Amino acid sequence: METKTRIILICSGKGGVGKTTLTANLGISLARQGVRTAVLDADFGLRNLDLLLGLENRIVYTAQEVLEESCRLDQALVKHKQEPNLSLLPAGNPRMLDWLKPDDMQRIVSMLTDKFDYVLIDCPAGVEDGFKNAVSASKEAIVVTNPEVSAVRDADRVIGLLNTHGIKPIQLVLNRVRPRMMASQEMLSIEDVTDILALPLLGIVLEDEQVIVSTNRGEPLTLTGSKSPAARCYSNIAKRMQGEEIPLIDPSKEGSGIRDKFRRLMQTKIF
Amino acid sequence: MTLRDIINKLLGRQESSASTARERLQLVLAHDRSDLSPELLDQMRKEILEVVAKYVEIDLEEGAVSLETEDRMTALVANLPIKRSLSGAIQVKEPVKESSD
Ligand SMILES: Nc1ncnc2c1ncn2[C@@H]1O[C@H](COP(=O)(O)OP(=O)(O)OP(=O)(O)O)[C@@H](O)[C@H]1O
Ligand SMILES: [Mg+2]
C-alpha cells in the first residue's frame, strides 16, 4: 500500500556543505508545525546529528540494536524534550559500515514509515556505499549545495545518481549564500546554480554566524524561534515542504541604500 | 554578460570570478555528464573530421567538436568551418570509395 509518509534524503556529494545542519533545523521546524517527524542519522561513519540536536547524552540504543533485534524501535528513538513531535534514530557504531546493506536501510525506514509523517535521512558525504544504502531507502531528495564550483559539480554527480535510482522529486537547497559577494559577482548567483543543476529551488540559506553559535549549544536555530537570517530561511523551507507558498528571500534585494542600488545596476544582464 | 563584465572588459580587467566559475562549471559538467574520457572524445573528434572531410573541404585546424550542456541535456556540438573557393562556392568533393585494407 502507498504510504503518505514522506521519506526524504538530504544529500550533497561534497562534504561539509550543511546537510546535517539542514536536517536538524528542518526536523525541529516541521515538528513545531505539528507533523510527526523522524530524523535518521545515516552517516554511520561520522555521526553528528545527535550533537546538533543536543540529544547526544540521551542515546541508549541505536539503529544497530534495532537491526540486530536486541531492542525495539521505540526504545532506540530519542524524543526531543521541547519538541516531542521530533524523534531521532541515532546511527550505530561505525563498524556497522562493514555489514550494512541497502536491505537493512530499507528495513529501518519501513519501521519508521506510518509512525511518522516525515522521515528525514541525513546522508553521508560521497557517492559510495553509505550514500547508496541511504538512497535505496528514500523516495524524495533534497540536494544541498553551496555557491562554489566544487560543491555544484559534486551536486550534479549526485543528481545524476538520484535520477538513476528513480528518486522523485529532487529539490535544491542552496546554503551559505553571501548577498554581498553575490552582488559583486564574486559568487555564483542563485540563478547560475539553478540553471546549471536544473532543479527546482526549495530554498536558500544565508551564511550566518548564528549557525555556529546554535551548534555550540546543541539548539538548532529553529528551536529557539531565532529571527537570525538562517533561522528565517530554514523555517521558510519547512513551510514550503508543507505546501505553503513562501516567496524566496532575494539576496540581491537585501539593502536599499544607494550602494546596493548601484550594485544591482552593475549586475543587470545586458546580453 | 553584465554591465560589470563590460566595464571590466573595457578597462582590461579580469571578468568577475562568478562568470569564470559559471563557464568552468559548464565545461566540466558537460564532460562529467557524458562519461566520455578526453581520449575518446579526441578520437571521436578526429573520426568525425575525417568523415566530413570526405565530402567537403574543411579547415582541419579550425574544426572543433565539443560537448555542451544545458538543462541536464548534453549535446555534441561540431563547429567545422567549410573552406570556400575564391568564387565563394562551397567546395564539395566527390565522395571517395573507402578502400578496404
Ligand atoms: N548557513 C550557514 N552559515 C554558516 N555556517 C554554516 C551554515 N551552514 C552550515 N554551516 C557550517 O558548516 C559546517 C558544516 O555543516 P554540516 O555539518 O551541517 O555539513 P554536512 O554537509 O553535514 O557535513 P558532512 O558532509 O561532514 O556530514 C558546520 O561547521 C556548520 O556550522
Ligand atoms: Mg553531516
Residue under question is B:LEU36, and the condition is that it be surrounded by 12 or more Cβ atoms within 10 Å (Cβ to Cβ) and more than 7 Å from every other protein chain (Cβ to nearest Cβ); does it hold? yes
Could you tell me whether any residue of the stretch A:72-92 is exposed (fewer than 14 other Cβ atoms within 10 Å of the Cβ), part of a loop (DSSP other than H, G, I, E, B), hydrophobic (A, V, I, L, M, F, W, C) and touching a residue at least 24 places away in the same chain (Cβ under 8 Å)? no
Kindly list the number of the only condition in (1) within 14 Å of ligand 1 (Cβ to nearest atom); (2) at pLDDT 95 or above; (3) buried (at least 18 other Cβ atoms within 10 Å of the Cβ) that fails for A:GLY218. (3)
When you look at A:VAL158, is it open to solvent by less than 20 Å² (accessible area, probe 1.4 Å), within 16 Å of ligand 2 (Cβ to nearest atom) and either touching a helix residue (DSSP H, G or I) at 6+ places or on another chain (Cβ under 9 Å) or part of a loop (DSSP other than H, G, I, E, B) (or both), yes or no? yes
Looking at A:GLY126, A:GLY130, can you tell me which residue is more than 14 Å from chain B (Cβ to nearest Cβ), within 15 Å of ligand 2 (Cβ to nearest atom) and part of a helix (DSSP H, G or I)? A:GLY130
Only one of B:LEU27, B:LEU41 that is more than 14 Å from chain A (Cβ to nearest Cβ) and either modelled with pLDDT under 75 or within 14 Å of the chain's Cα centre (by Cα) (or both): B:LEU41
Just to verify a result, which residue in the stretch A:186-202, among those that are more than 12 Å from chain B (Cβ to nearest Cβ) and open to solvent by 10 Å² or more (accessible area, probe 1.4 Å), is nearest to A:LEU26 (Cα to Cα)? A:LEU201
Of a type in the set (A, V, I, L, M, F, W, C), within 14 Å of chain B (Cβ to nearest Cβ), within 16 Å of ligand 1 (Cβ to nearest atom) and touching a strand residue (DSSP E or B) at 6+ places or on another chain (Cβ under 9 Å), is that true of A:VAL173? no
Name every residue in the stretch A:24-56 that is within 8 Å of ligand 2 (Cβ to nearest atom) and not in a loop (DSSP other than H, G, I, E, B), in order of residue number. A:LEU49
Residue ID - nearest to ligand 1 (Cβ to nearest atom), chosen from residues in the stretch A:28-52 that are among the small types (Gly, Ala, Ser) and surrounded by fewer than 24 Cβ atoms within 10 Å (Cβ to Cβ): A:GLY45
Considering every residue within the stretch A:6-27, establish whether at least one is away from ligand 1 (no atom under 13 Å from the Cβ) and open to solvent by 50 Å² or more (accessible area, probe 1.4 Å). yes
Return the total of residues in the stretch A:202-215 being more than 6 Å from ligand 1 (Cβ to nearest atom) and among the aliphatic types (A, V, I, L, M). 4
Exactly one condition in (1) within 19 Å of the chain's Cα centre (by Cα); (2) open to solvent by less than 30 Å² (accessible area, probe 1.4 Å); (3) more than 16 Å from ligand 1 (Cβ to nearest atom); (4) farther than 23 Å from A:ASN85 by Cβ is not met by A:MET241; state its number. (4)
Yes or no: A:ASP154 at pLDDT 95 or above and within 14 Å of chain B (Cβ to nearest Cβ)? yes
Could you please find all residues in the stretch A:161-185 being closer than 25 Å to A:ARG6 by Cα and open to solvent by 20 Å² or more (accessible area, probe 1.4 Å)? A:LEU161, A:ASN163, A:THR164, A:HIS165, A:GLY166, A:LYS168, A:PRO169, A:GLN171
Quick one: what pairs do we get from the stretch B:56-70, first residue over 15 Å from B:LYS83 (Cβ atoms), second of a type in the set (S, T, N, Q), C-beta under 8 Å, 6+ apart or different chains? B:ALA64/B:ASN79; B:VAL65/B:ASN79; B:SER66/B:ASN79; B:LEU67/B:SER34; B:LEU67/B:THR74; B:GLU68/B:GLN26; B:GLU68/B:THR74; B:THR69/B:GLN26
Can you name every residue in the stretch A:170-211 that is small (Gly, Ala, Ser) and in contact (Cβ under 8 Å) with a residue 40 or more places away in the chain? A:ALA183, A:SER184, A:SER189, A:GLY203
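The values are calculated or read from the model by the stated rules, or taken from the named source; none is laboratory data. Because the structure is a prediction, the values reported are computed rather than measured. Because the Cβ atoms are built from the backbone with ideal geometry, glycine has one as well, and the counts that use them run over all protein chains shown. Please note that ligands, DNA and RNA were not included when accessible areas were found on the heavy atoms of the full protein model with its side chains. Shrake-Rupley method; radii C 1.70, N 1.55, O 1.52, S 1.80 Å.
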